[in-house]
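> Take a look at the following structure, please.
No value in this document is a laboratory result; all are computed from the given coordinates. The shown structure was predicted, so the numbers you read here are calculated from the model rather than taken from an experiment. Because the Cβ atoms are built from the backbone with ideal geometry, glycine has one as well, and the counts that use them run over all protein chains shown.
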Amino acid sequence: MIHNAQLIKQGAEAKVYLAPFCQRQAIIKERFTKAYRHPTLDKKLTSRRVVQARIDTPTVYMVDTENYLIYMEYIEGCSVREFLVTPEGQTETAQTKVAQEIGRALGLMHNIDVVHGDLTTSNLLMRKETDGSVVLIDFGLSYVSQLVEDKAVDLYVLERAFSSTHPNTEVMFEQILKAYGESGKASKLILKKLEDVRMRGRKRSMLG
Ligand SMILES: Nc1ncnc2c1ncn2[C@@H]1O[C@H](COP(=O)(O)OP(=O)(O)OP(=O)(O)O)[C@@H](O)[C@H]1O
């Protein structure tokens, strides 16, 4: 039981709380499964890379390995998923701006060989204080890889999340890929690979 905590999400693998911590609001994530994988070598490498590359992610305040809790910065704002159902989120201007932010953030992340592993519009938050700049969250399935294929699959997972959750966002996703193509080192190669990954996805769904 966490003191004064407000449950904001009950998932299959974790509970997410909003709670006071050192005179501010913090997010506390409680995993039910075995201890956080965060302190393993791989996770340390991932988080160091992300911080060094100045990719915007919530600052981790504390990891309580005994109780499977991670304390992190509370990002005031909303997820891209929530934003896209607001009237403003359905305008072309707003979607273009957010798409550029997302594409740039993903380009930076892949530049440092971090593959997110679970890109969805719920894992992209928009910071209220900086007028909607995009913050990446939930690196629980992330890993370090230089492979073009892994990065292309990362993008494909997000593409599927867009097409299954947000109708009429094909143009927005194209804009994400355009911004991504302009910000990554090998991004043109990765975008080419994405076409193969899509084709495989289509074949698989045709086979049932
Ligand atoms: N640092 C944060 N600041 C603000 N809100 C957050 C933060 N971390 C998580 N949230 C909120 O809690 C939700 C769930 O968080 P998260 O994705 O980390 O949990 P999860 O249970 O692993 O979810 P998923 O089912 O997407 O894997 C987010 O979509 C977001 O609304």
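> Spelling out what I want: for every residue of segment 155-168, take phi, set θ = phi - 60°, compute 6.51 cos²θ - 1.76 cosθ + 1.60 (Karplus), and round to whole Hz; glycine and proline get x.
Couplings: 5, 5, 4, 5, 4, 5, 4, 5, 5, 8, 10, 10, x, 6 Hz.
> Now for a different question. Whole-Hz Karplus ³J(HN,Hα) for segment 137-148, in order, using 6.51 cos²θ - 1.76 cosθ + 1.60 and θ = phi - 60°, x for Gly and Pro?
For segment 137-148, the Karplus-derived couplings read 10, 6, 8, x, 10, 6, 7, 9, 7, 9, 6, 4 Hz, x marking Gly and Pro.
> Hey, another quick one. Which of Phe173, Phe32, Phe139 ends up with the largest GNM mean-square fluctuation for the chain, with Cα atoms connected below 10 Å?
Evaluated over the chain, the most mobile residue of the options is Phe32.
> For a footprinting-style exposure proxy, rank Tyr61, Tyr156 by other Cβ within 10 Å, fewest first.
The most exposed by this proxy come first: Tyr61, Tyr156.
> Ranking Glu73, Glu170 by Cβ neighbours within 10 Å, fewest first, what do you get?
Least to most surrounded, the residues fall as Glu170, Glu73.
> While we're here: Per-residue ellipticity at 222 nm for the chain, helices alone: DSSP H runs ≥ 4 residues times -39500 (n - 2.57), over residue total, nearest 500 deg cm²/dmol?
-14000 deg cm²/dmol
> Find the Cα radius of gyration of the chain, compare it with 2.2 N^0.38 Å by division, and give the number to two decimals.
Relative to the 2.2 N^0.38 Å estimate, the chain comes out at 1.04.
> Here's something else I'd like to know. For each pair in Lys9/Lys151; Lys97/Lys128; Lys29/Lys151; Lys151/Lys193; Lys128/Lys151; Lys151/Lys178, compute the distance between the two Cα atoms and list the pairs where it is over 18 Å.
Among Lys9/Lys151; Lys97/Lys128; Lys29/Lys151; Lys151/Lys193; Lys128/Lys151; Lys151/Lys178, the Cα-Cα distance tops 18 Å for Lys9/Lys151; Lys29/Lys151; Lys128/Lys151.
> Take Leu119, Leu18, Leu158, Leu207 and order them by how many other Cβ atoms sit within 10 Å, fewest up front.
Leu207, Leu18, Leu158, Leu119
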